[in-house]
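Student: Structure incoming, see below.
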Amino acid sequence: MSQSLQSQLAALAGQDVGRIAFDEPLSQHSSWRIGGAAWLLLEPEGREQVARVQRFVREQRIPLVVIGRGTNLLFDDAGVHGVVMKIGEQMGDIRISGQKIIAGGGAWVPQLARLSMRAGLTGLEHTIGIPGTLGGLVMMNGGSQRKGIGENVTRVSIVDAEGATCRLSREDCAFSYRHSALQETGSIVVEVELCCPKGELAKVRSEMISDLRTRRRKFPRKQPNCGSVFLSTAEMHASVGPPGKIIEDAGLKGMRIGQAEVSQQHANFIVNLGGASSADVLTLIRHVRQKVRERIGFELDCEVCYVSPDGMLLPAHIKADKQLQQ
Ligand SMILES: Cc1cc2nc3c(=O)[nH]c(=O)nc-3n(C[C@H](O)[C@H](O)[C@H](O)COP(=O)(O)OP(=O)(O)OC[C@H]3O[C@@H](n4cnc5c(N)ncnc54)[C@H](O)[C@@H]3O)c2cc1C
């Protein structure tokens with residue numbers, strides 16, 4: 001690290017920016033348990049602190065990566081040579097009034113789903129088993145059973161790339177399958193307003209229990225993973241089937257590179273057997289794509305994003321292809 005960057009990071013850490021940690025191992029902030037150190041990790045407690053960090057890194061041209069629970073990210077073994085801002089439990093308040101839910105960007109999604117159920121609301125059943133934050137979910141328009149959180153979003157409060165706070169409508173977010181317009185703008189989600197209609201508590205509860213049971217049966221639970229690695233679109237299902245089945249049919253279940261393995265339980269998951277590197281995962285992704293391409297002529301794209309040491313995020317398959325060229 002250059003001396004000037006070192007003093008810039010020290011100056012940022014000396015301000016009112018929430019919890020700070022230098023040289024923080026990102027493997028502790030990733031559900032894959034992979035990744036080198038962030039030179040500085042910050043956990044803000046409110047939107048003013050988020051805005052302060054955003055303005056500082058912009059003015060000083062320091063790489064910034066925003067994360068939630070790191071359940072959709074592959075950090076590089078070299079870590080992040082800049083600032084990682086974690087929007088987590090410090091910004092995870094959830095308030096419910098009638099059909100309206102207002103929650104912080106760091107709200108824990110399973111808790112949000114549970115509280116909405118207890119308040120007699122429906123609409124968030126499909127999110128009960130998603131182990132991320134609301135900010136991450138909104139950013140990705142995540143969900144399950146062909147649904148996305150965007151369907152229930154009415155307003156999103158963000159800190160924009162210049163450090164200003166603004167409110168966006170659902171239309172502004174332009175939600176589509178596992179995508180929102182927020183991904184292109186460098187916005188940080190600090191608060192989300194959702195509207196959920198009144199539901200039948202017993203029915204909502206039994207749907208949630210059934211979803212969790214299915215996940216427990218189908219998905220690996222004990223080995224660190226990042227959920228589904230490859231995107232699964234409706235068009236893809238109609239033409240070639242779901243990625244898990246395509247990968248399994250290609251005989252790739254159990255394929256291993258280093259300590260990364262295509263899960264024996266569900267082929268759209270890559271599990272860390274212990275000490276896997278980001279290079280192991282990227283190489284495995286490249287092999288899986290190549291075999292599937294050779295077998296059925298279909299290109300699998302990644303849902304999981306790779307985070308480079310200079311703070312860039314890109315779909316992991318793009319990095320996997322680049323890795324070959326390097
Ligand atoms: C076992 C398992 C099951 C899963 N099941 C599902 C599923 O059914 N459906 C599904 O959609 N996903 C699923 N996922 C993936 C993941 O949990 C979701 O994508 C989740 O929404 C990511 O939230 P996060 O807080 O972990 O975000 P991270 O992984 O930390 O970040 C994801 C993206 O969001 C951005 N981001 C995070 N927080 C903010 C914020 N506050 N403001 C701006 N940008 C932000 C990051 O920069 C990054 O681009 C699963 C993952 C696991 C491990």
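The values are calculated or read from the model by the stated rules, or taken from the named source; none is laboratory data. Note that the structure is a prediction, hence the values are computed from the model and not measured. Glycine gets a Cβ as well: all are built from the backbone with ideal geometry, and neighbour counts include every protein chain shown. Protein only, heavy atoms only, side chains kept; ligands, DNA and RNA dropped before computing areas. Shrake-Rupley method; radii C 1.70, N 1.55, O 1.52, S 1.80 Å.
Student: Any residue at all in the range 106-116 that's open to solvent by less than 10 Å² (accessible area, probe 1.4 Å), assigned to a helix (DSSP H, G or I) and among the small types (G, A, S)?
Tutor: yes
Student: Can you give me the number of residues within the range 210-239 that are surrounded by 12 or more Cβ atoms within 10 Å (Cβ to Cβ) and among the aliphatic types (A, V, I, L, M)?
Tutor: Of the residues in the range 210-239, 4 are surrounded by 12 or more Cβ atoms within 10 Å (Cβ to Cβ) and among the aliphatic types (A, V, I, L, M).
Student: Quick one: is A260 open to solvent by less than 40 Å² (accessible area, probe 1.4 Å) and over 24 Å from A78 (Cα atoms)?
Tutor: Answer is no for this residue.
Student: Let me ask something else about it. Within the range 27-45, does at least one residue satisfy the condition of being over 21 Å from the mean Cα position of the chain (by Cα) and open to solvent by less than 10 Å² (accessible area, probe 1.4 Å)?
Tutor: No; the residues of the range 27-45 include none that is over 21 Å from the mean Cα position of the chain (by Cα) and open to solvent by less than 10 Å² (accessible area, probe 1.4 Å).
Student: When you look at G88, is it modelled with pLDDT of 95 or more, touching a strand residue (DSSP E or B) at 6+ places or on another chain (Cβ under 9 Å) and within 11 Å of the ligand (Cβ to nearest atom), yes or no?
Tutor: yes
Student: Something else now. Just give me the residues in the range 288-326 being of a type in the set (F, W, Y) and either touching a Ser or Thr at 6+ places or on another chain (Cβ under 7 Å) or within 14 Å of the ligand (Cβ to nearest atom) (or both), in sequence order.
Tutor: Passing the criteria: only Y306.
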